[in-house]
1. If you take the beta carbon distance between D99 and D27 as r and set R0 to 22 Å, what does 1/(1 + (r/R0)^6) give as a FRET efficiency, to the nearest 0.05?
2. Please list, by residue number, every one of the GluC sites (Glu not before Pro) in region 105-182 that is coil in DSSP and has at most 14 other beta-carbon atoms within 10 Å.
3. How long is region 64-208 along each principal axis, judged by its Cα atoms, biggest number first, in Å?
4. With a Förster radius of 25 Å, plug the Cβ-Cβ distance of V118 and I142 into 1/(1 + (r/R0)^6) and report the FRET value to the nearest 0.05.
5. What lysines could a cross-link reach from K77, if we take a straight Cα to Cα line under 28 Å and drop same-chain neighbours fewer than 8 places away?
6. Could you check the spin-label model distance between N51 and K201? Points 7 Å from the Cα along Cα→Cβ, value in nm.
7. What is the fewest-to-most order of V204, V170, V16 by other Cβ atoms lying within 10 Å of their Cβ?
8. Among the aspartates and glutamates, select those whose C-alpha is under 18 Å from the C-alpha of K134, and discard any that sit fewer than 8 residues away in the same chain.
Amino acid sequence: MFTIYGRTNSSNVRKVLWLLAELGIDDYERLDYGRGYTPCSSPEYVALNPNMVVPTLVDGDLVLWESNTQLRYLAGKQGRDDLYPSDIVARARVDMWLDWQLSTALNGFRVLFQGLHVKDEAFTDPKGLESAHKQATTSMGILDAHLAKDNAYIAGENLTIADCCLGMYVHRWFALPIERQDFQALAAYYERLKERDPFQKWIVGQGV
Ligand SMILES: N[C@@H](CCC(=O)N[C@@H](CS)C(=O)NCC(=O)O)C(=O)O
């Protein structure tokens, strides 16, 4: 049995829990670490993850930080080629979106979430929020244009771990109290994800 360290209201934990539900895996242990629970600065946690963020996945001797790495590991371990393809081209398409989420799409959303939902004063400066809103709009515009090219899911016709990674932020785009451009392909995609029980449970059902 493996262990996930991380609270269920964290975006990065929810991505992983959504994938686990898609995989039909429920025999794992989950421990509430992170903001509002056992602090990530606890010595036993720092020993596992010196970055002091959730999630951390521990599977036997393997200790993994980084939610997107955990998505790759879990889908690969189950041999789910549909979710994380072994073909180099198909895999590169999935990896591109996983990296884009971390390097680009996250930036605006992080500030909007902390400023408008958590209400952390470090993120409530109006100029910072305006710039974050522009960044989030640009990112969702890129995703909308991609989905409009007849892509039901991010990497094509089927759900992959790129969806588990970015679907979380699509949910935040629709759940945060922000002005939204009318991205129709993105809205249709969100409705498609909401038809899935695992998405309902771990993404929609856990709040913003
Ligand atoms: N790149 C890391 C980022 C992890 C991250 O920023 N986690 C946030 C929650 S979404 C966190 O741990 N915040 C501090 C806390 O909860 O104590 C990943 O994808 O796993």
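All of the numbers you see were taken from the coordinates with simple rules; none came from a lab. Predicted model only: the values in this text are computed from it and were never measured. Glycine gets a Cβ as well: all are built from the backbone with ideal geometry, and neighbour counts include every protein chain shown.
1. Plugging the Cβ-Cβ distance into 1/(1 + (r/R0)^6) gives 0.10.
2. Within region 105-182, the qualifying GluC sites (Glu not before Pro) (loop, at most 14 other Cβ atoms within 10 Å) are E157, E179.
3. 45, 35, 27
4. Given R0 = 25 Å and the Cβ-Cβ separation, E is 0.45.
5. The qualifying lysines are K15, K194, K201.
6. 2.6
7. V204, V170, V16
8. Leaving aside aspartates and glutamates fewer than 8 places away in the same chain, those within reach of K134 are D125, D144, E179, D182.
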